[in-house]
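Accompanying notes for the structure given below.
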Amino acid sequence: MNGLEGILNGFSQALTLVNLIACFVGVLLGTIIGVLPGLGPTATMSLLLPITLNFNEPVTGLIMLAGIWYGAQYGGSTTSILVNIPGEAASVMTCIDGNQMAKKGRAGAALSIAALASFIAGTVGIIGLQFFAPPLAKAALSFGPPEYLCLMILAFTLLTNLTGSSPTKGLLMAFVGFFLGTIGTDSQTGMNRFTLGSADLMGGIDFLPIAMGLFGIAEIISVLIDKESNQQLEKVRFKDLFPNKEELKRSSKPMFRGSILGFFIGLIPGPGPTISTFISYSLEKRLSKIKDQFGKGAVEGVAGPEAANNSAVTGSLVPLLALGIPFAPPAALLLAGMRMQNIEAGPMLFQQFPNVFWGIVASMYLGNIMLLILNLPLVGFFAKIASIKPMFLMPVVSILCLIGVYSVRNNIFDIWIMLLAGIIGFFLRRKNYPVAPLILALVLGPTTESAFRNSLTILNGNLSSLFERPIAAVLLAVTIIYLIATVGRKYIKLKKLNTAVSK
Amino acid sequence: MRKYSHLITYLLVIALIGLLVTGCGSKENVASANAPDKKKAVAFPEKPINFWIPYDAGGGSDIIGRALVEAAQKNLDKPIVIVNKPGTSGAVGLKELYNAKNDGYTLLTNTTTIVTHKLLGTIPYNHHDYEPIITFNYEPGSIAVPANSPYKDIKEFIDYAKKNKVKIATSAKGGIWNIATQAFIKQAGINADVVVEGGGGAKAVVMAAGGHVDAVVASPLEMFTQLKSGNLRLLSVFGPERVDAFSNVPTFKEAGYDLSITTTRPLLAPKGTPKEVLDVLYKAFKTAAEDPKYIKTIKDMGAMPLLLGPEETIKFFDKEEKVMEKILKESGQI
């Protein structure tokens, strides 16, 4: 079956009434759970998994499961923008500028941009999936620990550029995040590190309680204490609900760049959506002519990352469907759903079950349109939430945080971690310490460490052989060029300043 | 100071909610521990049953657990609710089950780590600290190589690895396949570096499928897709018999070695759960584990069925504990 025939066949399946309903139910559920912080697609997909086995056609259930997954990516940014609470690691970057926009009365615009970015990225991602799945799948396998290590080195180099005011403070926070990531049982030696004999700590510290604490609870505490800040909420007028021309123009390029970037990062093992958001953010910041606006409500800082994390999810469908490799728990559940119906993902999927592959691809085009139609009207509703008085809003948000954090691992311990992180986060914020680097380092730290140690084993302790592996060498070269460019620019600036002064 | 009074009030309220939640749980625990159900003819179940899976959704324990629950649901009037409680190779779930109410509404599936956790000192509990209901499946450890590697069978691989240092990928230290890898290296007398990836065998399998290491040790279920799609080649399984899904692959015993290492999954209830309740659960889950559809589902995925009652489960893990202790000592892990 060739591409055109395939996609037409796919649409003929996706457009049947039962599959359309399945797709709609999936994306609707996805949107709802995406909005609620903490509640992720994993729990919902696992709840619905038994139901999806009972349809006549296996593809119906899979369309629904996939819909929940990519649908959840749309809602993920909502709480980041409205109340500064990232519901998942991939929404951390959206908090920085999204919430600032909301505080300036542009919540509606930020939400619309996020929805639009998700739609474009979703569509770009599906086009990539449709045309390039089998050849690109091999790329996923070519990433071993050494390649991954080099990607992480690049990522951490970019991290220092993320939060403007003081790179020293940002770096310091990243180290704290790195440290928190070492807590738990070391996978290489089985030694317990900083666990104080607690079985809960042996499992490591999950990023979500930390993220919800440092952002969400800290926000709530500041609202309670700094009464003055409450009064600044502006009334949202109807025309403020949608982005103005300038905002649209400024965000169109970041959306496309983010979409393409995210798709490729999604192909690689590891927390792809998260990595893609801050690579996109720092790329936009570098390309922007108004760098000082970043962190104060730059629309590019919402459009880029939101597009990136969405297409990263679609990108990760490539290794999932073409190789049967799940990089994230929702992917693993989709794979489980296929296995339970005796559909084997992998190179044979395209030959043995073309209906399933093309049916899912076609349903995703439709699902993305449904999501856009669903989400744009919701913008008005959500933007109203931003104008609710804190004394009513904050208690509800607190409860949502408690439920959300508990629901991830069903462990009370995580709630205590969140509250502690909230108190610490409050004081960090007072002293202007950026918390995003901490959270990103916490997410990426353990994978970096494991990639580093495994690289040493694989390369027989000789790190210079990194340059003998093409992908790794390219990534390292980019890092070095980036560093030279950054330092060089600073140097030139300094020199100009000096000559100006001496004159 | 006045400024902070709001903060203090807020934190107090949150702390009270937290205490209330934990407090309620423990109070009920004490009550039920002191006075286990006196009723004779049990009305069980009267409400939904929680089925804890102490691993991430989508992993081996999760897929098999869900297949069992689907089969068992037909035999119970109330819904069985699956809850994933991942953490420390199942230790967090085991610890929570130890403290859970022993009324039969909280159950937990586990793996052979139920004996290794205590041996390795992760948590002080083993199978004697719970009420086993049944044992419902096992998977053998197994070793595979990248498809383009020159070794056609386990003998060739071992011969090569005796002369040259090889790299074997597997799951995190303390996990069952890591123990299996150490034991395999010791038994075969080979020269190998172990490359470790956290979070089950899945990541190690991908590493091997990409050809970044010489071999991988994991379960056939975890390798299934890569084996079927021709990225990996299965050399041997470390189980008592061949696996149905790959019946052409010989066991390690057939190759002349004395090593059998599997992960076996029991279903557990908290200690002191009333006998009548346990009987109801035993009947429901035994019927499920005998269900031909369940057996076919798990066999198709590369896993193996196994059915043991409560006493047999205790005996099985007593034996397994000795085997594991020996393996761990010999390979210098304890």
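The values are calculated or read from the model by the stated rules, or taken from the named source; none is laboratory data. This one's a predicted model, so the numbers in the text were calculated from it and none came from an experiment. When we count neighbours, we look across all protein chains shown, and the Cβ atoms used for this are built from the backbone with ideal geometry, even at glycine. Remember, those area values only see protein heavy atoms, side chains included, never the ligands or the DNA or RNA. Shrake-Rupley method; radii C 1.70, N 1.55, O 1.52, S 1.80 Å.
Selection of segment B:300-334 for residues being closer than 16 Å to residue B:263 by Cβ and assigned to a helix (DSSP H, G or I) yields B:313, B:316, B:317, B:319, B:320, B:321, B:323, B:324, B:327, B:328.
For residue A:415, only one of the following conditions fails: (1) farther than 30 Å from residue B:299 by Cα; (2) β-branched (Val, Ile, Thr); (3) away from every other protein chain (no Cβ under 11 Å). What is its number? For residue A:415, the failing item is (3).
I want to confirm something. Restricting to segment A:389-412 and keeping residues that are β-branched (Val, Ile, Thr), open to solvent by 20 Å² or more (accessible area, probe 1.4 Å) and in a helix (DSSP H, G or I), which single residue is farthest from the other protein chains (Cβ to nearest Cβ)? For segment A:389-412, the residue satisfying everything is A:396.
State whether one or more residues within segment A:327-344 are in contact with a helix residue (DSSP H, G or I) (Cβ under 6 Å, 6 or more places away or on another chain), open to solvent by less than 40 Å² (accessible area, probe 1.4 Å), closer than 27 Å to residue A:241 by Cβ and touching a residue at least 24 places away in the same chain (Cβ under 8 Å). There is no residue in segment A:327-344 that is in contact with a helix residue (DSSP H, G or I) (Cβ under 6 Å, 6 or more places away or on another chain), open to solvent by less than 40 Å² (accessible area, probe 1.4 Å), closer than 27 Å to residue A:241 by Cβ and touching a residue at least 24 places away in the same chain (Cβ under 8 Å). Does any residue of segment A:183-193 turn out to be within 20 Å of the chain's Cα centre (by Cα) and not aliphatic (A, V, I, L, M)? No, segment A:183-193 contains no residue that is within 20 Å of the chain's Cα centre (by Cα) and not aliphatic (A, V, I, L, M).
Screening residue A:350 with (1) part of a helix (DSSP H, G or I); (2) within 14 Å of another protein chain (Cβ to nearest Cβ); (3) farther than 21 Å from residue A:139 by Cα; (4) not aliphatic (A, V, I, L, M) gives one miss only, at (3).
Contact map, segment B:296-309: first residue farther than 16 Å from residue B:320 by Cα, second residue of a type in the set (Ser, Thr, Tyr), Cβ cut-off under 6 Å, separation 6 or more or different chains; pairs are B:304/B:138.
Here's the yes/no breakdown for (1) in the same structural domain as residue B:218 (by TED's automatic domain parsing); (2) within 22 Å of the chain's Cα centre (by Cα); (3) under 24 Å from residue B:323 (Cα atoms):
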residue	(1), (2), (3)
B:155	yes, no, no
B:162	yes, no, no
B:180	yes, yes, yes
B:189	yes, no, yes
B:203	yes, yes, no
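When residues in segment B:225-266 are screened for being closer than 19 Å to residue A:345 by Cα, open to solvent by 10 Å² or more (accessible area, probe 1.4 Å) and in a helix (DSSP H, G or I), 4 of them pass.
Within segment A:463-476, the set of residues being touching a helix residue (DSSP H, G or I) at 6+ places or on another chain (Cβ under 9 Å) and open to solvent by less than 80 Å² (accessible area, probe 1.4 Å) comprises A:463, A:465, A:466, A:469, A:471, A:472, A:473, A:475, A:476. Close Cβ contacts (under 8 Å, 6 or more residues apart or on different chains) running from residues in segment B:86-101 that are more than 9 Å from every other protein chain (Cβ to nearest Cβ) and under 10 Å from residue B:122 (Cβ atoms) to residues that are open to solvent by less than 20 Å² (accessible area, probe 1.4 Å) and β-branched (Val, Ile, Thr) comprise B:90/B:111; B:90/B:113; B:90/B:114. For segment B:55-85, the candidate set comprises residues that are within 17 Å of residue A:340 (Cα to Cα) and more than 9 Å from chain A (Cβ to nearest Cβ); within that set, the residue that is surrounded by the fewest Cβ atoms within 10 Å (Cβ to Cβ) is B:71.
Taking the conditions exactly as written (aromatic (Phe, Trp, Tyr), more than 27 Å from residue B:178 (Cβ to Cβ) and more than 14 Å from chain A (Cβ to nearest Cβ)), does residue B:316 satisfy them or not? Against the criterion (aromatic (Phe, Trp, Tyr), more than 27 Å from residue B:178 (Cβ to Cβ) and more than 14 Å from chain A (Cβ to nearest Cβ)), residue B:316 does not qualify. Test residue A:367 against the criterion of being of a type outside the set (A, V, I, L, M, F, W, C), in the same structural domain as residue A:60 (by TED's automatic domain parsing), in a helix (DSSP H, G or I) and surrounded by 24 or more Cβ atoms within 10 Å (Cβ to Cβ), and give yes or no. So residue A:367 fits the description; yes. Note on segment B:131-170: among residues that are assigned to a loop (DSSP other than H, G, I, E, B) and hydroxyl-bearing (Ser, Thr, Tyr), the one that is farthest from residue B:184 (Cα to Cα) is B:149.
The listed residues are B:217, B:213, B:195, B:206, and the only one of them that is under 23 Å from residue B:111 (Cβ atoms), touching a residue at least 40 places away in the same chain (Cβ under 8 Å) and either facing chain A (nearest Cβ under 9 Å) or not in a helix (DSSP H, G or I) (or both) turns out to be B:217.
Per-residue answers, yes or no, for (1) open to solvent by less than 10 Å² (accessible area, probe 1.4 Å); (2) under 19 Å from residue A:10 (Cβ atoms):
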position	(1), (2)
A:362	yes, yes
A:371	yes, yes
A:379	yes, no
A:387	no, no
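Cβ-Cβ distances below 6 Å connect no pair with a first residue in segment A:471-485 that is assigned by TED's automatic domain parsing to the domain that holds residue A:282, a second residue that is assigned to a helix (DSSP H, G or I) and surrounded by fewer than 18 Cβ atoms within 10 Å (Cβ to Cβ), and a separation of six or more residues or different chains. Evaluating residue A:226 against the criteria (1) more than 10 Å from every other protein chain (Cβ to nearest Cβ); (2) more than 18 Å from residue A:439 (Cβ to Cβ); (3) charged (D, E, K, R) leaves one unmet condition, (1). If you go through segment B:131-146 and keep only what is open to solvent by less than 10 Å² (accessible area, probe 1.4 Å) and within 17 Å of residue B:285 (Cα to Cα), you end up with B:133, B:134, B:135, B:136, B:137. The single condition from (1) over 18 Å from the mean Cα position of the chain (by Cα); (2) in contact (Cβ under 8 Å) with a residue 60 or more places away in the chain; (3) away from chain A (no Cβ under 14 Å) that residue B:232 fails is (3). On the basis of being facing another protein chain (nearest Cβ under 10 Å), surrounded by fewer than 24 Cβ atoms within 10 Å (Cβ to Cβ) and assigned to a strand (DSSP E or B), does residue B:173 make the cut? No: the conditions fail for residue B:173. If you go through segment B:210-233 and pick out every residue that is of a type in the set (A, V, I, L, M, F, W, C) and in contact with a Ser or Thr (Cβ under 6 Å, 6 or more places away or on another chain), you end up with 1. The residue that is surrounded by the most Cβ atoms within 10 Å (Cβ to Cβ), among those in segment B:186-208 that are small (Gly, Ala, Ser) and at pLDDT below 90, is B:204.
Tally time: how many residues in segment B:291-306 are surrounded by fewer than 16 Cβ atoms within 10 Å (Cβ to Cβ) and more than 14 Å from chain A (Cβ to nearest Cβ)? Qualifying residue count, segment B:291-306: 1. Residue A:434 - would you say it is within 14 Å of another protein chain (Cβ to nearest Cβ) and open to solvent by 20 Å² or more (accessible area, probe 1.4 Å)? Criteria not met by residue A:434. Looking at segment B:273-290, is at least one residue open to solvent by less than 10 Å² (accessible area, probe 1.4 Å), under 29 Å from residue B:103 (Cβ atoms), in the same structural domain as residue B:95 (by TED's automatic domain parsing) and among the aromatic types (Phe, Trp, Tyr)? Yes, segment B:273-290 contains at least one residue that is open to solvent by less than 10 Å² (accessible area, probe 1.4 Å), under 29 Å from residue B:103 (Cβ atoms), in the same structural domain as residue B:95 (by TED's automatic domain parsing) and among the aromatic types (Phe, Trp, Tyr).
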